[in-house]
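Engineer: Below are the structure tokens for one structure; questions will follow.
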Amino acid sequence: MHIPPINQRLSVVLPTYNERENIVPLLKNLISLLDSYEMEIIVVDDDSKDRTAEVVKNMSQEDSRIRLIRRIGRSGLASAIKEGLLAATGDLAAVMDSDGQHEPIALIQALEKLESEQLDIVAGSRFLRGAEIYGLSNTRTGGSSLANSFARLSLPKNYNHLTDYMSGCFVINLKSCLSSIYKVDVNGFKFLYELFSISHGSLRIGEIPLNFQPRSYGQSKLDLAILWDFLISLLHTLSLRIIPRRAISFGIVGTGGVFVQLISTEILMNIFQQTFQQAIPVSVIIAATSNYLVNNALTFRAHRLSGSNLLKGLLKFLLVASLPVLANVGLATTFYNVVSANPFVAQMSGIIVVFVWNYAASSRFVWNTP
């Protein structure tokens, strides 16, 4: 058994959402395995609907080393990890998923490497030589490999030796990394990737191979929104983090809206035989509605509107956008009549004018975000 250095306290951070069946065996395993450490285990639960928090609370009453942070009104894996690390009282911290796919023994191996080589972070890698992947399909494995390739291109060259920038299993020296942890964007795709990005290559990082296991209970939480976050994280890093993440997302959605407007105009003019002047107001409204729905699902999903609020939000969005919509229609029509009778060029002249207003105004008045 690995014997920790004197006066080294370890905090283990476990983010959870609906992991009731997985959390009990994991906690028992960690307590047994890390018993030689002065230790705390911090479970950060995003208000699970399956009573995960109640199970953890009961266990904490029997073992004071277990702590529960129950989050109401806020959620997300990266923010849960950041909140747990900032609440940690240890000198060292470990983070791992709570679904049983990371073997707790990996933490011992990572801690040994961190201490022996005086590193800042040691990550568990699914792709390092010696790793075994049992818990991902071939499609997911290929997708993760591709994501890591893009991540490598976007990060400082000091980190080119790494093989798994998306790992959810790592140990970290809190003293040397705390200032970077504070800066992590919790809206990012993966906490570790965001930490690497904002550290500008200053961290000493190593890896150990993981035996990545199948999920014991429940379903994977990978969805379209997470893939969208990865795209935004890459573009945010490539822009040197100058352009806000939300503005990038809003801009990509707006670009899609351009195509919606252009296609709608073509359909209305060529199939329904409307004039350009008749078609453009309808196509602008169709594009605005499309932008609203996609932004609600992706860009502002932490503040996502549903039910009757979704309709109210649409009305607010159209109201907020009414002035630029009028500007869009007016500029496009004037350009078409006076400068060039080219529907594409005419519409682009109006679209470009309204982007900044739509982003700033809708953020504040539709989704109530700064």
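Engineer: Cβ neighbours within 10 Å, averaged per peptide: list 74-81, 202-209 in order, most packed at the top.
Structural biologist: 74-81, 202-209
Engineer: Just order 22-32, 41-51 by mean Cβ neighbour count inside 10 Å, highest at the front, would you?
Structural biologist: 41-51, 22-32
Engineer: To continue, here is another question. Taking neighbour counts of Cβ atoms within 10 Å as a proxy for exposure, in what order, fewest first, do Tyr165, Tyr17, Tyr182 appear? Present the calculation step by step, with values, prior to reporting the outcome.
Structural biologist: Working: Tyr165 26, Tyr17 21, Tyr182 11.
So the ranking, lowest neighbour count to highest, is Tyr182, Tyr17, Tyr165.
Engineer: Please express the shape of the chain as an equivalent ellipsoid: the semi-axes are the square roots of 5 times the eigenvalues of the C-alpha gyration tensor, given largest first in whole angstrom.
Structural biologist: Details: eigenvalues 447, 94, 62 Å².
So the equivalent ellipsoid measures 47, 22, 18 Å along its semi-axes.
Engineer: To continue, here is another question. Would you mind pulling out the separation of the Cα centroids of the range 219-278 and the range 133-159, in Å?
Structural biologist: 24 Å
Engineer: In the structure shown, do any of Lys57/Lys82; Lys113/Lys190; Lys49/Lys316; Lys157/Lys190; Lys82/Lys312 have a Cα-Cα gap over 25 Å, and if so which?
Structural biologist: The answer is Lys49/Lys316; Lys82/Lys312.
Engineer: Still on this structure: If you keep only loop residues by DSSP, which chymotrypsin sites (Phe, Trp or Tyr not before Pro) in the range 251-310 have at most 12 other Cβ atoms within 10 Å of their Cβ?
Structural biologist: The qualifying sites are Phe272.
Engineer: Name the residues whose placed amide hydrogens come within less than 5 Å of the amide hydrogen of Val13, ignoring near sequence neighbours (fewer than 5 apart) on the same chain.
Structural biologist: Ile42, Ala94, Val95, Met96
Engineer: Once every DSSP H run of n ≥ 4 in the chain is given -39500 (n - 2.57) and the sum is divided by its residues, what mean residue ellipticity at 222 nm do you get, rounded to the nearest 500 deg cm²/dmol?
Structural biologist: -17500 deg cm²/dmol
Engineer: For Leu34, what is the net charge nearby, where nearby means another residue's Cβ is under 15 Å from its Cβ and Lys, Arg count +1, Asp, Glu -1?
Structural biologist: Cβ neighbours under 15 Å give a net charge of -4.
Engineer: Taking the chain as a Gaussian network, Cα atoms linked when under 10 Å apart, which of Asn173, Asn270, Asn158 shows the biggest mean-square fluctuation?
Structural biologist: Asn270
Engineer: In whole Hz, with x marking every Gly and Pro, tabulate ³J(HN,Hα) for the range 233-240 from phi via Karplus 6.51 cos²θ - 1.76 cosθ + 1.60, θ = phi - 60°.
Structural biologist: Along the range 233-240, the couplings run 4, 4, 5, 4, 5, 5, 7, 6 Hz.
Engineer: Further question on the same structure: Apply the Karplus curve 6.51 cos²θ - 1.76 cosθ + 1.60, θ = phi - 60°, to the phi angles in the range 102-117 and return the couplings in whole Hz, x for Gly and Pro.
Structural biologist: Listing the rounded values in order: 9, 7, x, 4, 4, 5, 4, 4, 5, 5, 4, 5, 4, 6, 6, 9 Hz.
Engineer: Now for a different question. Between 0 and 90 degrees, rounded to the nearest ten: what's the tilt of helix 77-87 against the longest Cα principal axis of the chain?
Structural biologist: Helix 77-87 sits at roughly 50 degrees to that axis.
Engineer: Can you tally the net charge around Cys169? Count Lys and Arg as +1, Asp and Glu as -1, for every other residue whose Cβ sits under 10 Å from the Cβ of Cys169.
Structural biologist: Counting the neighbours of Cys169, the net charge comes to -2.
Each value in this text was obtained by applying a stated rule to the coordinates, not by laboratory testing. Predicted model, so just to flag it, every value in this text is computed and none were measured. Neighbour counts are summed over all protein chains in view; Cβ atoms, including those assigned to glycine, are modelled from backbone coordinates with ideal geometry.
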